[in-house]
Each structure stands twice: as structure tokens, then as C-alpha cells.
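Participant: Okay, handing you the structure first.
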Amino acid sequence: MRKLLCLLIIGILFLTSCGKKEELNTLDKITDRDLLIVGVRQDAGPFGYVNEKGEPEGFDIDVAKYIAKKLLGNQDSVKFVTVTANTRIEAVTSGEVDMVI
């Protein structure tokens with residue numbers, strides 16, 4: 001009985017593993033492309049704004065760089081995409097950005 005149960009479990013595992021390739025999760029996608037794409041507001045100083053050089057700056061940008069450094073080993077491996085309060089959820093669910101801050 002025990003052998004039959006083991007064979008049945010092995011058979012089920014074998015059959016379920018022979019299907020469609022599993023889609024990568026978000027973390028796998030980030031590490032594969034070596035880039036974190038973050039949606040940030042750029043009209044909410046001091047959290048997110050554009051400085052006089054035209055670069056994003058603020059607390060949210062610093063947090064995104066910290067996360068990129070922890071995930072990818074480089075704080076510059078982050079791309080910022082401008083989002084608004086109304087578009088931030090859609091940006092994440094559509095895959096346009098990996099996360100919003």
C-alpha cells in the first residue's frame with residue numbers, strides 16, 4: 001500500500017510538472033533585467049520632486065535607490081517613471097512599473 005501511494009504521488013508530481021512553463025515573478029524579472037522600475041510622484045516635495053538639474057529627488061527616490069542597492073547591489077540600477085495619485089495603481093497592475101513609492 002505504501003509503495004502504491006508513493007508511486008501515485010510521484011506520478012502526480014511528474015504530470016503536474018509537464019505543463020506550461022511557469023511565469024517569472026516580479027523579483028525574478030527585476031534581477032534578470034538588473035533594473036528596478038519605480039513609479040514616483042514628482043510633484044510631492046519633499047518626497048518626490050524634480051530638482052533644478054531636471055533629475056528626480058526626494059525621500060521616495062532615496063528609498064527606491066536603497067531598495068535597488070539591496071536587491072541588485074547598485075543604487076543606480078533604478079529607473080524612475082512619473083506617476084500620479086490616479087495612475088499609480090494602474091501602473092503597477094499593468095506591469096509598467098515594478099513598484100510605486
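The values are calculated or read from the model by the stated rules, or taken from the named source; none is laboratory data. Keep in mind it's a predicted model, so treat the numbers as computed, not measured. Methodologically, a virtual Cβ is constructed for each residue, glycine included, from the backbone with ideal geometry; neighbour enumeration extends over all protein chains shown. These accessible areas exclude ligands, DNA and RNA; they are computed on the full protein's heavy atoms, side chains included. Shrake-Rupley method; radii C 1.70, N 1.55, O 1.52, S 1.80 Å.
Participant: Name the single residue that is most open to solvent (accessible area, probe 1.4 Å) among those in the range 17-40 being in a loop (DSSP other than H, G, I, E, B) and modelled with pLDDT of 90 or more. Don't jump to the end; show me each part of the working.
Facilitator: In the first step, residues of the range 17-40 are kept if they are in a loop (DSSP other than H, G, I, E, B); the result is 18-25, 34-35.
Pick out the ones that are also modelled with pLDDT of 90 or more and you get 34-35.
Working: Asp34: 82, Leu35: 50 Å².
Within the range 17-40, the match that is most open to solvent (accessible area, probe 1.4 Å) is Asp34.
Participant: Against the definition (assigned to a helix (DSSP H, G or I), of a type outside the set (Phe, Trp, Tyr) and closer than 18 Å to Asp28 by Cα), how does Lys69 come out, yes or no? Spell out the reasoning first.
Facilitator: Working: assigned to a helix (DSSP H, G or I): yes; of a type outside the set (Phe, Trp, Tyr): yes; closer than 18 Å to Asp28 by Cα: yes.
Spelling it out, Lys69 is indeed assigned to a helix (DSSP H, G or I), of a type outside the set (Phe, Trp, Tyr) and closer than 18 Å to Asp28 by Cα.
Participant: Still on this structure: Within the range 64-88, work out how many residues are in contact with a Phe, Trp or Tyr (Cβ under 9 Å, 6 or more places away or on another chain) and under 13 Å from Val100 (Cβ atoms). Lay out the reasoning, then the answer.
Facilitator: The initial filter retains those residues of the range 64-88 that are in contact with a Phe, Trp or Tyr (Cβ under 9 Å, 6 or more places away or on another chain), namely 64, 75.
Going one step further and asking which of them are under 13 Å from Val100 (Cβ atoms), we end up with 64.
Count: 1.
Participant: I'm checking my understanding of the structure. Among residues of the range 72-101 that are touching a Gly at 6+ places or on another chain (Cβ under 9 Å) and part of a helix (DSSP H, G or I), which one is least open to solvent (accessible area, probe 1.4 Å)? Give the steps one after another, and end with the answer.
Facilitator: To start, the set of residues in the range 72-101 that are touching a Gly at 6+ places or on another chain (Cβ under 9 Å) comprises 80-83, 87-88, 91-92, 96-101.
Filter once more, so that each one left must be part of a helix (DSSP H, G or I): 88, 91-92.
Details: Arg88: 103, Ala91: 3, Val92: 58 Å².
Filtering first and then ranking leaves Ala91.
Participant: Let me confirm something: among Gly58, Gly48, which residue is of a type outside the set (Ser, Thr, Tyr), surrounded by 15 or more Cβ atoms within 10 Å (Cβ to Cβ) and within 18 Å of Val97 (Cα to Cα)?
Facilitator: On the way: Gly58 fails: within 18 Å of Val97 (Cα to Cα).
Step by step, each of Gly58, Gly48 is checked, and only Gly48 is of a type outside the set (Ser, Thr, Tyr), surrounded by 15 or more Cβ atoms within 10 Å (Cβ to Cβ) and within 18 Å of Val97 (Cα to Cα).
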